[in-house]
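Reviewing the structure listed below.
The values are calculated or read from the model by the stated rules, or taken from the named source; none is laboratory data. Note that the structure is predicted; figures quoted are calculated from it, not measured. No Cβ is skipped: glycine too gets one built from the backbone with ideal geometry, and neighbour counts run over all protein chains shown. What goes into the accessible areas is simple: the full protein's heavy atoms, side chains included, and nothing from ligands, DNA or RNA. Shrake-Rupley method; radii C 1.70, N 1.55, O 1.52, S 1.80 Å.
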Amino acid sequence: MLLTTPLNNIDELSVLAEQEREGVCSMDAEKSNAANLEAGRLLFTQHCTFMLGAPSMADLPQPSLPEVAFAGRSNVGKSSLINALTNRKSIARTSNTPGRTQEVNFFDLGERLCLVDLPGYGYARVSRSRVKQWTGLIMNYLKGRAVLRRVCLLIDGRRGIMDSDEEVMKTLDDAAVAYQIVVTKWDKVKPGKRDAVQSTIRGQIAPHVAAHPQQIWTSSITGEGMPELRAALATLAISAP
Ligand code: GDP
């Protein structure tokens, strides 16, 4: 840093030293952020193949890779997100029919990470009983899967965190399953409303012990947030050879 004015006292000197240190740190942070984004991009250039759909717990595949599961209310945009993330048009089946996909679907990403598509929960009026059914179906998977590294819990940006999401978050907290909030359909939230939506969601997440502190704001239509989500998932994958 160039000093253009004389320093009045030692406090100013230490402030400048601090700013210099922060400057170095922020450069380091920028470099590591760029490296993470690149690692995420590279991971998702790998082949993504459908492994199997498990209709019941007995059909789960042998754990072989670290797993990241995707969960959310029906119609939250989960299939669209998985397709956008993996640059595929229809690896995950998009559907306007709530509850159509009841299987737990496993995808192998470059033999480095397994993406797990969980059935949607909590559609419309029957949310409470659906959540119970949903948790019954997959709680054993979530609790007993040693290779499960994180659940991406998808939240519709236009709707925010709803009662059924809260219930799932509590269940995951209780089971000590780490999860990260991934907000979908962010393109549908007007720029002028985004700050308010973000602070509401952050406030709701704060008391949840198993929630990752960083949220990711995505759109499967514009691709916003995909590089950041890929980077976050790359930190959980087996390292590139
Ligand atoms: P799923 O039931 O959670 O798998 O949801 P889908 O991926 O089938 O999406 C449900 C509906 O939301 C479909 O009509 C999608 O086209 C729409 N949708 C999904 N993601 C986005 C998004 O990021 N932006 C917008 N505008 N629409 C989306």
* Asked: Does any residue of segment 40-55 turn out to be modelled with pLDDT of 80 or more, within 27 Å of Lys188 (Cβ to Cβ) and among the polar types (S, T, N, Q)?
  -> no
* Asked: Do we find a residue being over 28 Å from Glu111 (Cα atoms), of a type in the set (Gly, Ala, Ser) and over 17 Å from the mean Cα position of the chain (by Cα) anywhere in segment 134-152?
  -> yes
* Scan segment 210-227 and give yes if some residue there is assigned to a helix (DSSP H, G or I) and either open to solvent by less than 10 Å² (accessible area, probe 1.4 Å) or within 16 Å of the ligand (Cβ to nearest atom) (or both), otherwise no. => yes
* Report yes if some residue within segment 85-107 is open to solvent by less than 30 Å² (accessible area, probe 1.4 Å), within 8 Å of the ligand (Cβ to nearest atom), modelled with pLDDT of 95 or more and part of a helix (DSSP H, G or I); otherwise report no. => no
* Structure fact -> Within segment 172-209, the count of residues that are open to solvent by less than 40 Å² (accessible area, probe 1.4 Å) and either within 16 Å of the ligand (Cβ to nearest atom) or not in a loop (DSSP other than H, G, I, E, B) (or both) comes to 14
